Amino acid sequence: ITIAPIKDQRLIYSASPMLADNEVMVYMNGHEVRLQINDELMARAYKNMGVEALGSILSVGRAVNGWMSKAYTGYNPEFILTNIQRDFQSGIINLTGEQGILIAGKAVANYPKSFASLLKYAANGESDKWIDAYRDNGGNTGAAYLPDLERLGEEVRKEYASYQGVIANLKEGDSANALRAAGRKTFNATLKYIEHLNSAGENAFRLATFKAMIESGKSVNEAASMAKNVTVNFNRKGEIGAELNALYLFFNASLQGTAATSHALFKGRHKYQAWGLAGSMMAVGYLTASMLGGFDDEDKYDEISDATKSRNLIMSYGDGYVKIPVPYGYGYFYNAGRMYAEAQRKGELGKMPYQLMALATEEFSPFNVASTEDSEFNSRKVSYGLLPTVARIPMEITNNFSSFTGRELYPEKEWYKSEPDNEKMWRGTKGTVYDISAQYLASIGIEI
């Protein structure tokens with residue numbers, strides 16, 4: 001079947017099973033149908049969807065980045081609340097810029113029920129009419145670490161391998177290894193529960209947006225499109241997205257997030273409303289930093305690392321403080337206000353232009369490098385950021401520098417040089433699992 005103007009409809013029978021460059025095979029009512037796409041860019045993009053034919057080097061990069069992205073996101077319990085809060089904030093501003101504050105308000109009202117229904121669906125597959133409509137119209141976007149089709153294939157493979165491990169060991173009478181394999185299944189079940197929570201968190205605002213759009217009289221297609229693009233559309237990755245994601249951790253997620261933010265602020269039908277919300281974030285950043293986050297002692301506030309303050313709104317609480325995550329992208333506005341207040345307090349307003357440029361690199365660059373108030377670190381972040389992730393890891397360990405946090409991996413001072421490596425740590429690392437692991441390795445004679 002050829003897609004053509006109404007006056008030129010035609011049916012073509014072909015004996016050859018070979019598809020032309022602009023043809024794809026689809027199935028309708030059990031019959032094979034060759035579909036021609038008479039738009040060169042659309043045909044090329046459609047035929048390349050899901051193609052992951054990477055070379056050996058890029059395959060290694062994809063494997064490393066896939067594992068790291070799961071560790072940071074899908075399998076990380078801390079990521080659940082952090083991601084929910086960041087997606088919620090950026091989703092509100094993006095939806096406001098695209099559809100206006102009234103529809104954004106409806107989405108906020110829909111959010112609690114949407115999250116609960118998605119969590120139930122992730123856990124046992126029970127859906128409702130809104131979830132069915134949302135998925136039937138392409139609303140689901142997978143997750144930060146794995147698109148939908150890849151995830152399904154990977155889960156089937158892992159579950160089968162795990163099942164084989166238990167059964168094979170029992171047949172051989174190896175109860176110890178059978179128990180170990182069963183233990184891995186239990187551990188995997190825990191990870192899957194964490195993943196379910198993350199999946200619900202990532203899609204809750206999308207489902208709430210879908211419902212709000214329908215309730216506001218928008219078409220199903222408009223609602224589905226807005227739901228997919230209200231935060232980060234992980235299914236959109238371009239023609240070389242797979243290669244870039246294999247080189248740089250979270251490259252596509254960062255790029256798509258920046259695209260959504262930019263569109264809402266510069267091309268959205270209600271962009272001025274979005275600018276109003278972004279401006280309010282700048283005011284919050286300025287006021288919070290001006291009040292030192294509620295700390296009575298200026299030194300206590302300044303002891304908190306700049307990396308922590310750039311990613312969270314800090315408020316004192318008891319002897320410590322609480323952190324409210326700030327969304328990526330729109331974090332530029334919050335941090336611009338915070339940095340201005342801190343530069344004003346310290347008499348360093350002359351550094352602001354440089355710091356704002358470094359901040360823009362952190363918030364909008366897909367290379368995942370952090371800006372800091374230390375000009376030495378900022379001068380190194382570009383060179384580190386351009387390195388592929390698999391090359392950056394050993395380089396950072398060798399040079400004791402993290403481009404992710406914008407600080408040393410461990411304190412390296414003159415009076416520390418005589419200390420054993422397992423004693424070189426930040427104050428916040430003391431007593432953590434990393435400290436305990438380092439002490440154990442040192443006790444058995446392994447230096448790291």
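Model label sites at Ile444 and Asp319, defined 7 Å from Cα along the beta-carbon direction, differ in position by 3.4 nm. The tail of the calculated P(r) for the range 226-372, taken as Cα-Cα distances beyond 27 Å, holds 29 percent of the pairs. Label sites at Lys267 and Glu215, each approximated as a point 7 angstrom past Cα along Cα to Cβ, lie 2.9 nm apart. Under 5 Å between amide hydrogens, built in the peptide plane, is the criterion, and for Tyr248 it picks out Thr389 among residues at least 5 positions away or on other chains.
For the range 26-41, backbone phi angles converted through the Karplus equation (6.51, -1.76, 1.60; θ = phi - 60°) give residue-by-residue couplings of 10, 10, 10, 6, x, 10, 6, 10, 8, 10, 8, 10, 8, 9, 4, 5 Hz, Gly and Pro being listed as x. Would you please give the FRET efficiency between Ala116 and Ile397, computed as 1/(1 + (r/R0)^6) with r the Cβ-Cβ distance and R0 = 51 Å, to the nearest 0.05? Calculated transfer efficiency: 0.75. Under the simplified labelling scheme, the Glu348-Met291 pair shows an inter-label distance of 2.4 nm, with each label point 7 Å from Cα along Cα→Cβ.
Determine the share of the range 193-279's accessible area contributed by carbon and sulfur atoms, expressed in whole percent, with a 1.4 angstrom probe.
Details: 2130 of 3590 Å².
Answer for the range 193-279 is 59 percent, counting heavy atoms of protein chains only.
For Arg407, the residues whose amide H sits under 5 Å from its own are Ser402, ignoring neighbours fewer than 5 places away on the same chain, with H placed 1.01 Å from N. Note on the range 191-265: along the principal axes its Cα atoms extend 43, 33, 21 Å, ordered by decreasing extent.
The values are calculated or read from the model by the stated rules, or taken from the named source; none is laboratory data. As the structure is a computational prediction, the values presented were derived from the model and not from experiment. Cβ coordinates were reconstructed from backbone atoms using ideal geometry, including for glycine residues, and neighbour counts include every protein chain displayed. Protein only, heavy atoms only, side chains kept; ligands, DNA and RNA dropped before computing areas. Shrake-Rupley method; radii C 1.70, N 1.55, O 1.52, S 1.80 Å.
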